[in-house]
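Have a look at the structure below, then the notes.
What follows is calculated from the coordinates using simple rules that are stated; it is not laboratory data. Remember, predicted model here, so these are calculated numbers, not experimental data. Because the Cβ atoms are built from the backbone with ideal geometry, glycine has one as well, and the counts that use them run over all protein chains shown.
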Amino acid sequence: MSTTDRELRIGMVGYAFMGAAHSQAWRTVNRVFDLPARARMALICGRDTGKVADAADRLGWDAYTTDWRDLINRDDIDVVDVCTPGDSHAEIALAALAAGKHVLCEKPLANTVAEARAMTAAADTARVAGVRSMCGFNYRRVPAVTMMRQLVADGRLGVIRHVRATYLQDWIVDPQFPLVWRLQKDRAGSGALGDIGAHIIDLTQFVTGQRITGVSAVTETFVKERPLPAGSSGLAATVDGGGSVDGNGSATGPVTVDDAAVFVARLDGGALATYEASRFATGRKNALRVEINGSLGSVVFDLERLNELEFYDATRPTVEQGFSRILVTEGEHPYMSAWWPPGHIIGYEHSFTHQMRDFIEAVATGADPAPSFADALQVQLVLDAVTRSAEIGSSWTEVSPALAAVAV
Ligand SMILES: NC(=O)c1ccc[n+]([C@@H]2O[C@H](COP(=O)([O-])OP(=O)(O)OC[C@H]3O[C@@H](n4cnc5c(N)ncnc54)[C@H](O)[C@@H]3O)[C@@H](O)[C@H]2O)c1
C-alpha cells in the first residue's frame, strides 16, 4: 500500500484492450505496492466522445478528452501512456517527450525502424532533462519469467545452447474474420511477427541477456483477402492497399501483413534459437512457451500456466534428476511478496501491475526504466531483419546494429 503523498498524474491514450489492461494496473498498483509516488488516473483519451466518457467512468479515470494533444499540452499530466495501434505510437510519444512527459508506450515500439530510431533519439534527449521512457513488454514482469532470468544470470543453466520460443494464437483461422487494423500493414507495421513475435523476441533476449545477431525467416499470409469490418464507410477510408467485391457482393480488402512468421536465429552469446509466431495455430489461444537449454540445466515457461516454472538442474545427483515444477508464488519470488499467501496464484493482468510498479519506481527515483526505447528499437531491428530475410528467400540476414538515431 503506497504511503506517499507524491502523485504521478497519468494521461492514457486508447481505452480498448490495452487501455483496459493498463487501467486495471494503474488502479491496483498503489494498493498493492509501497511506492515513492502514487499513480493518479487523471485523464483518458479516445476519439469518440460518448465512448471515451463511458470508458472514463467504467475504468476509473477522473476526466476524458477526445484529442491526445490535450494530454501533451496540459501542465497537470506527468505521464503519457500510449495504448493505441502502432501507427500513432511515434507521433504521440515524440510529442509527449518534447513536452517533458514521461512516456510508457505499448509494444511494438513503432511500425518501422525509422520511427523507432527517432523515438529512441528523443528518449535519449529527454533523459538528460530527467524525462523517462519505457516500452510495454509486460511479459518480462511475470514472476516466473523474471525468475528465469535470475536463474540464467546466476549461472544455474551454465552456457546457454538453445532457445526455443513459440507464441501461438488462432483468432483469424476463419477466412471470414474481418480485416481489422491488426491485419493492415499501415496500421500495425506487421502481423503475427510484430504483434506476438515481438514479445518472444524481447522475452528471450531479456531472460538470456543475449541479443539476436542474425536470422533466416519465412513468413506467410494464408488468407490474402478478408471482408471489411462492419461499419466501414468505404474501401479508401479503411484499407490502405485497395479493395474489391467478392462473389457474394461483399466488400473485401487485402491482408497486408503476415499471418505467421517462423525463423531461426543466432544469439551473441553463442546460442541457437528458433521462433514461431502464428495466428493460425488452431486451438492455441494465447500460447506463449519458451524453453532454454544450457550446459547445466534447462528452464521452461508456459504463459497458460504462468505461475509455474519447470527447471531441470543437471548438477543434481543423476538419480534425482528430472524436470521439477516450481510454483512461483512464494514471498521470495519476484513481485510475489506484495500479493497473496504462497500457492494463491496470480494471472495475466498482474504482469501489467508489475510493469506500472517498476515504471513508477524508476520515474520517482530518477532511474531509467527497462525495457528502454533503445531496447525496443533492438527488437524492431530484429523484426526488420526477419521481414527482409523472408523477402529474399530466407537468406541469412544480420540484425543491423542500433546505430545513431535518424529523424522519421
Ligand atoms: N502488452 C501486450 O500484451 C499487448 C496486448 C495487446 C496489444 N498490445 C499493444 O497495445 C497497442 C494497442 O492494442 P490494443 O489491443 O489495445 O488495440 P485496440 O484496438 O483494442 O485499442 C486501440 C485503442 O486506441 C484508440 N485509438 C486509435 N487511434 C487513436 C488516436 N489517434 N487517438 C486516440 N485514440 C486512438 C482506439 O479507439 C482504441 O481505444 C498496440 O500497440 C498493441 O500491439 C500489447
Here the net charge surrounding ARG117, from other residues whose Cβ is less than 14 Å away from its Cβ (Lys, Arg +1; Asp, Glu -1), is -4
Of 110-119, 392-401, 261-270, ordering from highest average Cβ density within 10 Å down gives 110-119, 261-270, 392-401
With -39,500 (n - 2.57) per DSSP H segment of 4 or more residues and division by the full residue count of the chain, the 222 nm estimate, nearest 500 deg cm²/dmol, is -9500 deg cm²/dmol
Between ARG127 and GLN321, the two model label points (7 Å from Cα along the beta-carbon direction) sit apart by a distance in nm of 4.2 nm
Under 14 Å by backbone N from the virtual spin label 7 Å along Cα-to-Cβ at PHE17, the residues of the stretch 87-119 are 87, 106-108
Taking Cα atoms only, Rg over Rh for the stretch 68-162 with Rh from the Kirkwood formula is 1.11
Checked the stretch 1-152 against the a/c 1.5 cut and the a/b vs b/c comparison, axes a ≥ b ≥ c from its Cα gyration tensor; verdict rounded
Using alpha-carbon positions, the gyration tensor of the stretch 240-347 gives root eigenvalues a ≥ b ≥ c; with a/c under 1.5 called rounded, otherwise prolate if a/b exceeds b/c, else oblate, the class is prolate
Length gained, ASP186-ARG58, 0.36 nm per residue minus C-alpha separation, equals 43.0 nm
The set of residues whose placed amide H lies less than 5 Å from the amide H of ARG9, leaving out same-chain residues fewer than 5 positions away, is ARG40, ASP78, VAL79
Taking r as the C-beta separation of PHE222 and GLU398 and R0 as 41 Å, the FRET efficiency to the nearest 0.05 is 0.90
Stokes-Einstein, Kirkwood over Cα pairs, the chain, 25 °C, 0.890 mPa s; D in µm²/s equals 111 µm²/s
For 320-332, 39-51, ranked highest to lowest by mean beta-carbon neighbours within 10 Å, the order is 39-51, 320-332
Simple spin-label estimate for ASP302/ASN73, 7 Å along Cα→Cβ, in nm, reads 5.3 nm
Note: the stretch 98-213 at 20 °C, 1.002 mPa s; Kirkwood Rh on alpha carbon pairs; Stokes-Einstein D in µm²/s works out to 129 µm²/s
Result row for the chain, helices from DSSP H with C-alpha axial extent 24 Å or more and mean Kyte hydropathy at least -0.5, is 373-391
The farthest towards the positive end of the charge dipole of the stretch 270-408, of the residues ALA367, ALA271, LEU383, given +1 on Cβ of Lys and Arg and -1 on Cβ of Asp and Glu, is LEU383
Length gained if ALA314 through TYR348 is fully extended, taking 0.36 nm per residue and subtracting the Cα-Cα distance, is 9.2 nm
Ranked output for segments 372-380, 348-356 by mean other Cβ atoms within 10 Å, highest leading, reads 372-380, 348-356
Scoring the stretch 279-391 by relative contact order with C-alpha pairs under 8 Å, at least six apart, yields a percentage of 12 percent
A student asked for the Cα radius of gyration and Dmax of the stretch 144-191 in angstrom ought to give 18.2, 49
Row for the stretch 309-408, column shape: gyration tensor on C-alpha, a ≥ b ≥ c, rounded if a/c < 1.5 i.e. under 1.5, prolate if a/b over b/c, else oblate; value oblate
Semi-axes in Å, largest first, for the stretch 294-337 (Cα gyration tensor, √(5λ)) are 22, 12, 9
Net charge near THR208 (other residues with Cβ under 15 Å of its Cβ; Lys, Arg +1; Asp, Glu -1) is +2
The set of residues whose placed amide H lies less than 5 Å from the amide H of ALA63, leaving out same-chain residues fewer than 5 positions away, is LEU43, ILE44
So the pair-distance distribution of the stretch 99-144, from every Cα-Cα distance in 10 Å bins, comes to percents of 26, 47, 23, 4
Here the gain from full extension of ALA114 to GLU330, 0.36 nm per residue of separation minus their alpha-carbon distance, amounts to 73.5 nm
By the Kirkwood definition, with r running over pairs of different Cα atoms, the stretch 177-226 has a hydrodynamic radius in Å of 12.7 Å
From the Cα centre of the stretch 354-394 to that of the stretch 1-71, the distance in Å is 23 Å
